[in-house]
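Trainee: Got a structure for you, written out below as structure tokens; questions coming shortly.
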2 protein chains.
Amino acid sequence: MSQQTVNGVPSRGKVLTLDNMNPNVKRVEYAVRGPIVQRAVQIEKELKEGVKKPFSEVIKANIGDAHAMGQKPITFLRQVLALCSYPELLEDNKFPEDAKKRAKRILQACGGHSIGAYSASQGIECVRQDVARYIEKRDGGISSNPDNIYLSTGASDAIVTMLKLLVCGEGRDRTGVMISIPQYPLYSAALADLGAVQVSYYLDEDKCWSLDVAELRRSLNAARQHCNPRVLCIINPGNPTGQVQSRQCIEDVIRFAKEEHLFLMADEVYQDNVYAEGCKFHSFKKVLFEMGPEYSSTVEMASFHSTSKCYMGECGFRGGYMEIINMDPEVKAQLTKLVSVRLCPPVPGQALLDLVVNPPQPDEPSYTTFMKERTVVLADLAEKARLTEQIFNKVPGITCNPVQGAMYTFPRITLSQKAIDKAKEEGQVPDMFYCMKLLEEEGICLVPGSGFGQREGTFHFRMTILPPTEKLKVVLHKISEFHLRFTQEFS
Amino acid sequence: MSQQTVNGVPSRGKVLTLDNMNPNVKRVEYAVRGPIVQRAVQIEKELKEGVKKPFSEVIKANIGDAHAMGQKPITFLRQVLALCSYPELLEDNKFPEDAKKRAKRILQACGGHSIGAYSASQGIECVRQDVARYIEKRDGGISSNPDNIYLSTGASDAIVTMLKLLVCGEGRDRTGVMISIPQYPLYSAALADLGAVQVSYYLDEDKCWSLDVAELRRSLNAARQHCNPRVLCIINPGNPTGQVQSRQCIEDVIRFAKEEHLFLMADEVYQDNVYAEGCKFHSFKKVLFEMGPEYSSTVEMASFHSTSKCYMGECGFRGGYMEIINMDPEVKAQLTKLVSVRLCPPVPGQALLDLVVNPPQPDEPSYTTFMKERTVVLADLAEKARLTEQIFNKVPGITCNPVQGAMYTFPRITLSQKAIDKAKEEGQVPDMFYCMKLLEEEGICLVPGSGFGQREGTFHFRMTILPPTEKLKVVLHKISEFHLRFTQEFS
């Protein structure tokens, strides 16, 4: 207990200080909402207060937040949510019949027919059934059991829960978790929080961020010297790197996981966001089952999905699910117990998820509008993916892999030694220095590559492709000009 | 790695088993949704399938889930939520102007004017401002800073986050957390999960579950032999025990916390649920500030509130907040970082919270209806609280303290040695045996007192008083009859 003096009176100081708080929490880092975003929020306030800047608004391209970027909600989804919130509207003939039908079905499944009641901790049963049917359809008929579906508060919640189950041991026996570099920093943050060991494997930037089993093996063997690697996490389509894994590669990964006795975690939240020609989303589950019973009856896996991405982009509702496969029944009982402590995922998010997995059908009145809205969003994203690659690759010193899927570009930037030295002088890592300067000069908020991990000596940033096309063009050109200016300044 | 044989082929067994999963998770227990509730769900399915039972429905009095018990949502809240979900309804003249005004204000504060955008991780700024104003009004003008408000996914989320910050050390230095017995099992579950040490202090059943500082001191001194107690948790009004703390007692607790250098966590989610004559809710913050700067500028505290209880009972939305007081600024920065990893609390829940802290005012069109609905709910609850105490106390072998506040009764039941022996024979603790038998015979689902903790040799159950009055009467009489039958059977 530290002895301090306040107004001459000895005081014991705070109960809770940086020195005696949870050390794991201190190790947590989450760049997507880190210092650069805090500065962006500050600048926004300064703009509001009339402070003169070389720009009139801050564009937050740091996060995959579709609605914040101006994307309109899908009408059908919001109609049903309004009906669920205020069921008196079921009498209103302004709402289409299929929206009313969905709302009635969801309300019927809620305690007291209200989305204000707690649901089962695993999620509303009929929603889990609809999720299972959605998965079956997606995977060409491979069966899915609603008992293996756990609804969640966004995918993040399910990923953290699954990691928590898997972590045990001390010292060299501590659970190691393999994650890609670059990675989505939820993973490194959760591992720090849980005190698990991060085991990094590198994606191959020169081969469009592809995953190579030889690299997985190298990483695993190195890790076995100091921890007990038991989990392999894959993000497909990739975040922040935008690659879409080939079927062959998924098969290789599954074979590797089986050989090396690893639990597979497949983060598939961008499954509907695939743009590049020749690319297709293959679910880990489908590939697993197509590899035959030797695999499909043994490899333990969890797959994650979310309502925050795809065409709907409903981040604020915090909806999501995971499907678990081949989990030991006793462990599954523990999982069910664990999720019950938080009572249930938000019910509006569960309702939304139900609509996402069970959208209007061709014979229903909302079908045409729904398909039109959905198609426009996805076609726009595909166009923006192409545009981003094109414009960035014209800039000397920026190299950019194609955005095959997901919602981000992760271009490599060449920084001179002079720029690197200057950053060191300012006490910043070089890509943070670069992004901060971009923010101050152009009002564009990106996330430095160091927040996701990158090979030493390389520098990147992550930018979402979500701004409306015309605004995206402006952003891309502003970054390009900035890059040239920056290069010149530090040449 | 265990070697097993599957179809004659040696197999390494599961990657993840009960033996090698997170041991802390195994220690988690959460009775409110434990085995008895699982059996209740099973019985409901059996009833649906036509299995004959001595009852036609299962009444789940295990959890404070108002809407599931038939309580209707408050019109104003749901109107605004519908408007926020589907802003096209803002054109509809069926909605009152104040509802529209609230919805517009909330949407204005959302990214892209959509509740589908992520909010700031700490919560939407204007909602935090409204929360701060609500607290100021509640506490007679004592100032509240929106920067100290963190919105959350229900109160549970905030409580776990706060506990997580506070836990550190190993062995005898491990953080100890003082919780009341009986307690709400979120606390024991979170402590098990975090590997913290539970330090139990007993409420005095003979004095209407009051809290005695001498007992706090006894518990603290005993705990100091084996851990480092740093946190004192209080639930007021009490769950599961329904007592409302006196102002004097709160002052004593605060003085104790200061003397003993403890961080205070005040769970005040039932602050609007006070029924007994002469009882009044006093917030810890208000009392703290009334004790003068010696206290108000030093004692570190977090207070929790929720949208799930009070008059609205909107559990499914998972809304809530915490206010932190006197927290070290460096620790606060760590807290802000930690909550950012989960991106943000569900935005519909944030919107709902905004309405709860900023309800219709006397000069607004929704005021009359709102007040009527609110008053009816609270008056009904007060009536049900009285009824419950009255009926139970007539039954020989049941003793029941007045339900001064919150939503539960926690009566003591006398069980004969014969019943205790029979339970042991069945491998159950005696009050679980009692509650299981009640469930099988009467279809009423309660939670055994052992799930909350109780003095050794005493037995209780927790029952919510939420069923509609007529149904509550039936439940109370059924339990009474069951108790007499049970007593006779094991006499």
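The values are calculated or read from the model by the stated rules, or taken from the named source; none is laboratory data. Predicted model only: the values in this text are computed from it and were never measured. So basically every Cβ, Gly included, is an ideal-geometry build from the backbone, and we count neighbours across all protein chains shown.
Trainee: Identify all residues within segment B:309-338 that are under 23 Å from the mean Cα position of the chain (by Cα) and more than 9 Å from chain A (Cβ to nearest Cβ); write none if there are none.
Mentor: If the condition is that a residue be under 23 Å from the mean Cα position of the chain (by Cα) and more than 9 Å from chain A (Cβ to nearest Cβ), then B:Lys309, B:Cys310, B:Tyr311, B:Gly320, B:Tyr321, B:Met322, B:Glu323, B:Ile324, B:Ile325 are the ones that fit.
Trainee: Could you pull out the residue among B:Leu203, B:Leu211, B:Leu186 that is assigned by TED's automatic domain parsing to the domain that holds B:Gly242 and either over 18 Å from the mean Cα position of the chain (by Cα) or more than 29 Å from B:Pro448 (Cβ to Cβ) (or both)? Give the steps one after another, and end with the answer.
Mentor: Working: B:Leu203 fails: either over 18 Å from the mean Cα position of the chain (by Cα) or more than 29 Å from B:Pro448 (Cβ to Cβ) (or both); B:Leu186 fails: either over 18 Å from the mean Cα position of the chain (by Cα) or more than 29 Å from B:Pro448 (Cβ to Cβ) (or both).
Testing whether each residue is assigned by TED's automatic domain parsing to the domain that holds B:Gly242 and either over 18 Å from the mean Cα position of the chain (by Cα) or more than 29 Å from B:Pro448 (Cβ to Cβ) (or both) leaves just B:Leu211.
Trainee: Test each condition in (1) within 23 Å of B:Gln271 (Cα to Cα); (2) touching a Pro at 6+ places or on another chain (Cβ under 7 Å); (3) of a type in the set (Val, Ile, Thr) for B:Ile115 and report the one that comes out false.
Mentor: (1)
Trainee: Can you spot a residue in segment A:375-391 that is outside the structural domain of A:Asp431 (by TED's automatic domain parsing) and among the basic types (Lys, Arg)?
Mentor: Checked against the condition, which is being outside the structural domain of A:Asp431 (by TED's automatic domain parsing) and among the basic types (Lys, Arg), segment A:375-391 yields no hits at all.
Trainee: Residues being within 17 Å of B:Ser85 (Cα to Cα) and either part of a helix (DSSP H, G or I) or among the hydroxyl-bearing types (Ser, Thr, Tyr) (or both): count how many of those fall in segment A:72-103. Give the steps one after another, and end with the answer.
Mentor: Our first condition is that a residue be within 17 Å of B:Ser85 (Cα to Cα); within segment A:72-103, this holds for A:72-90, A:92, A:94-96, A:99-100, A:102-103.
Then drop every residue that is not either part of a helix (DSSP H, G or I) or among the hydroxyl-bearing types (Ser, Thr, Tyr) (or both), which leaves A:75-90, A:99-100, A:102-103.
Total satisfying the criteria: 20.
Trainee: Hey, another quick one. Against the definition (buried (at least 24 other Cβ atoms within 10 Å of the Cβ), among the charged types (D, E, K, R) and within 8 Å of chain A (Cβ to nearest Cβ)), how does B:Arg78 come out, yes or no? If you could, list the steps in order and put the result at the bottom.
Mentor: Values: buried (at least 24 other Cβ atoms within 10 Å of the Cβ): yes; among the charged types (D, E, K, R): yes; within 8 Å of chain A (Cβ to nearest Cβ): yes.
Spelling it out, B:Arg78 is indeed buried (at least 24 other Cβ atoms within 10 Å of the Cβ), among the charged types (D, E, K, R) and within 8 Å of chain A (Cβ to nearest Cβ).
Trainee: Another one. Out of all the residues in segment B:262-280, is one or more among the hydroxyl-bearing types (Ser, Thr, Tyr) and part of a helix (DSSP H, G or I)? Even if it seems obvious, please write down each step before you answer.
Mentor: Within segment B:262-280, the first condition is being among the hydroxyl-bearing types (Ser, Thr, Tyr), and the residues that meet it are B:270, B:275.
Next, from what is left, pick out any that are part of a helix (DSSP H, G or I): none.
Looking for residues that are among the hydroxyl-bearing types (Ser, Thr, Tyr) and part of a helix (DSSP H, G or I), one finds none in segment B:262-280, hence no.
Trainee: May I pose another question? List the residue pairs whose Cβ atoms are under 6 Å apart, where the first residue sits in segment A:52-70 and is within 13 Å of chain B (Cβ to nearest Cβ), the second is modelled with pLDDT under 90, and the two are 6 or more positions apart or on different chains.
Mentor: From segment A:52-70, the pairs are A:Asn62/A:Val37; A:Ile63/A:Val32.
Trainee: Which residue is farthest from A:Met371 (Cα to Cα), if the candidates are limited to segment A:293-307 and must be more than 8 Å from chain B (Cβ to nearest Cβ) and touching a Ser or Thr at 6+ places or on another chain (Cβ under 9 Å)?
Mentor: Start the filter on segment A:293-307 by keeping residues that are more than 8 Å from chain B (Cβ to nearest Cβ), which leaves A:293-297, A:299, A:301-307.
Narrowing the set further to residues that are touching a Ser or Thr at 6+ places or on another chain (Cβ under 9 Å) leaves A:303-304, A:306.
Values: A:Ser303: 26, A:Phe304: 24, A:Ser306: 20 Å.
Step by step, filter segment A:293-307, then rank; the result is A:Ser303.
Trainee: Of everything in segment A:164-187, what is among the aliphatic types (A, V, I, L, M) and outside any loop (DSSP other than H, G, I, E, B)? Give them in sequence order. Step through it out loud before you land on a result.
Mentor: Here is the first cut: in segment A:164-187, the residues among the aliphatic types (A, V, I, L, M) are A:165-167, A:177-179, A:181, A:186.
Passing the criteria: A:Leu165, A:Leu166, A:Val177, A:Met178, A:Ile179, A:Ile181, A:Leu186.
Trainee: Moving on. Considering every residue within segment B:350-367, establish whether at least one is surrounded by 19 or more Cβ atoms within 10 Å (Cβ to Cβ) and aromatic (Phe, Trp, Tyr).
Mentor: The answer is no, given that none of the residues of segment B:350-367 is surrounded by 19 or more Cβ atoms within 10 Å (Cβ to Cβ) and aromatic (Phe, Trp, Tyr).
Trainee: When residues of segment A:281-304 are filtered for being within 17 Å of A:Tyr270 (Cβ to Cβ), assigned to a loop (DSSP other than H, G, I, E, B) and hydrophobic (A, V, I, L, M, F, W, C), how many remain?
Mentor: Number satisfying all stated conditions: 1.
Trainee: Kindly indicate which of A:Phe452, A:Phe486 is in contact (Cβ under 8 Å) with a residue 60 or more places away in the chain and farther than 23 Å from A:Glu46 by Cβ. Quick ask: steps written out before the conclusion?
Mentor: On the way: A:Phe486 fails: farther than 23 Å from A:Glu46 by Cβ.
A:Phe452 is the lone residue from the list that is in contact (Cβ under 8 Å) with a residue 60 or more places away in the chain and farther than 23 Å from A:Glu46 by Cβ.
Trainee: Quickly run through segment A:164-181 and pick out the residues that are within 18 Å of A:Val32 (Cβ to Cβ) and either touching a helix residue (DSSP H, G or I) at 6+ places or on another chain (Cβ under 7 Å) or small (Gly, Ala, Ser) (or both). Outline the logic, then answer.
Mentor: Kept after step one, since they are within 18 Å of A:Val32 (Cβ to Cβ), are these residues of segment A:164-181: A:179-181.
If the condition is that a residue be within 18 Å of A:Val32 (Cβ to Cβ) and either touching a helix residue (DSSP H, G or I) at 6+ places or on another chain (Cβ under 7 Å) or small (Gly, Ala, Ser) (or both), then A:Ile179, A:Ser180 are the ones that fit.
Trainee: Quick check on segment B:282-292. Is at least one of its residues under 30 Å from B:Thr75 (Cα atoms) and either within 12 Å of chain A (Cβ to nearest Cβ) or more than 17 Å from the chain's Cα centre (by Cα) (or both)? Please lay out each step first, then the result.
Mentor: First, the residues of segment B:282-292 that are under 30 Å from B:Thr75 (Cα atoms): B:282-283.
From what's left, either within 12 Å of chain A (Cβ to nearest Cβ) or more than 17 Å from the chain's Cα centre (by Cα) (or both): B:282.
Yes, the conditions are met somewhere in segment B:282-292.
Trainee: Would you check which residues across segment A:148-163 are outside any strand (DSSP E or B) and either within 13 Å of chain B (Cβ to nearest Cβ) or touching a Cys at 6+ places or on another chain (Cβ under 8 Å) (or both) and list them?
Mentor: Step one: of segment A:148-163, the residues outside any strand (DSSP E or B) are A:148, A:154-163.
Listed by number, the residues that qualify are A:Gly154, A:Ala155, A:Ser156, A:Asp157, A:Ala158, A:Ile159, A:Val160, A:Thr161, A:Met162, A:Leu163.
Trainee: Restricting attention to segment B:422-446, which residues are part of a helix (DSSP H, G or I) and touching a residue at least 40 places away in the same chain (Cβ under 8 Å)? Steps first, answer last, please.
Mentor: Within segment B:422-446, the subset part of a helix (DSSP H, G or I) is B:422-425, B:430-442.
Of everything in segment B:422-446, those that are part of a helix (DSSP H, G or I) and touching a residue at least 40 places away in the same chain (Cβ under 8 Å) turn out to be B:Lys422, B:Met432, B:Tyr434, B:Cys435, B:Met436, B:Lys437, B:Leu438, B:Leu439, B:Glu440, B:Glu441, B:Glu442.
Trainee: Among the residues of segment B:390-409, count how many are buried (at least 20 other Cβ atoms within 10 Å of the Cβ) and outside any loop (DSSP other than H, G, I, E, B). Walk me through how you get there before you give the answer.
Mentor: Here is the first cut: in segment B:390-409, the ones buried (at least 20 other Cβ atoms within 10 Å of the Cβ) are B:392, B:395, B:398, B:400-409.
Okay, now just the ones that are also outside any loop (DSSP other than H, G, I, E, B), so B:392, B:398, B:405, B:408-409.
Qualifying residue count for the region: 5.
Trainee: So, one more: So, in segment A:255-273, how many residues would count as being touching a strand residue (DSSP E or B) at 6+ places or on another chain (Cβ under 7 Å) and either surrounded by fewer than 22 Cβ atoms within 10 Å (Cβ to Cβ) or not aliphatic (A, V, I, L, M) (or both)?
Mentor: If we filter segment A:255-273 for residues that are touching a strand residue (DSSP E or B) at 6+ places or on another chain (Cβ under 7 Å), which is where we start, we get A:257, A:262-271, A:273.
Filter again for either surrounded by fewer than 22 Cβ atoms within 10 Å (Cβ to Cβ) or not aliphatic (A, V, I, L, M) (or both), leaving A:263, A:267-268, A:270-271, A:273.
Looking only at that region, the number is 6.
Trainee: Out of everything in segment B:18-43 that is assigned to a helix (DSSP H, G or I) and small (Gly, Ala, Ser), what residue ends up being nearest to the other protein chains (Cβ to nearest Cβ)? Before you say what the answer is, go through the steps one by one.
Mentor: Residues of segment B:18-43 assigned to a helix (DSSP H, G or I): B:23-27, B:31-33, B:35-43.
Adding the requirement that they be small (Gly, Ala, Ser) leaves B:31, B:40.
On the way: B:Ala31: 10, B:Ala40: 11 Å.
Filtering segment B:18-43 for residues that are assigned to a helix (DSSP H, G or I) and small (Gly, Ala, Ser), the one nearest to the other protein chains (Cβ to nearest Cβ) comes out as B:Ala31.
Trainee: Is there any pair linking a residue in segment A:456-474 that is over 29 Å from A:Gln428 (Cα atoms) to one that is modelled with pLDDT under 95 and in a loop (DSSP other than H, G, I, E, B), with Cβ under 6 Å and at least six apart or on different chains, and which?
Mentor: Hits for this filter: A:Pro468/A:Gly70.
Trainee: Can you name the condition, by its number, that A:Val447 falls short on among (1) within 21 Å of the chain's Cα centre (by Cα); (2) at pLDDT 95 or above; (3) within 23 Å of A:Lys53 (Cα to Cα)?
Mentor: The number of the failed condition is (2).
Trainee: Are any residues in segment A:243-261 more than 14 Å from chain B (Cβ to nearest Cβ), in a helix (DSSP H, G or I) and β-branched (Val, Ile, Thr), and if so, which ones? Explain how you work it out, then say what you get.
Mentor: Keep residues of segment A:243-261 that are more than 14 Å from chain B (Cβ to nearest Cβ), which gives A:243-253, A:255.
Still in the list and also in a helix (DSSP H, G or I): A:247-253, A:255.
Listed by number, the residues that qualify are A:Ile250, A:Val253.
Trainee: Restricted to segment B:125-147, and to residues that are among the hydrophobic types (A, V, I, L, M, F, W, C) and either touching a His at 6+ places or on another chain (Cβ under 6 Å) or assigned to a helix (DSSP H, G or I) (or both), which residue is surrounded by the fewest Cβ atoms within 10 Å (Cβ to Cβ)? Spell out the reasoning first.
Mentor: The first filter runs over segment B:125-147 and keeps only residues among the hydrophobic types (A, V, I, L, M, F, W, C), leaving B:126-127, B:131-132, B:135, B:142.
Next, from what is left, pick out any that are either touching a His at 6+ places or on another chain (Cβ under 6 Å) or assigned to a helix (DSSP H, G or I) (or both): B:126-127, B:131-132, B:135.
On the way: B:Cys126: 17, B:Val127: 30, B:Val131: 27, B:Ala132: 20, B:Ile135: 24.
Here the residue is B:Cys126.
Trainee: Among the numbered criteria (1) surrounded by fewer than 24 Cβ atoms within 10 Å (Cβ to Cβ); (2) over 20 Å from A:Asp65 (Cβ atoms); (3) assigned by TED's automatic domain parsing to the domain that holds A:His113, which one does A:Tyr311 miss?
Mentor: All conditions pass for A:Tyr311, except number (2).
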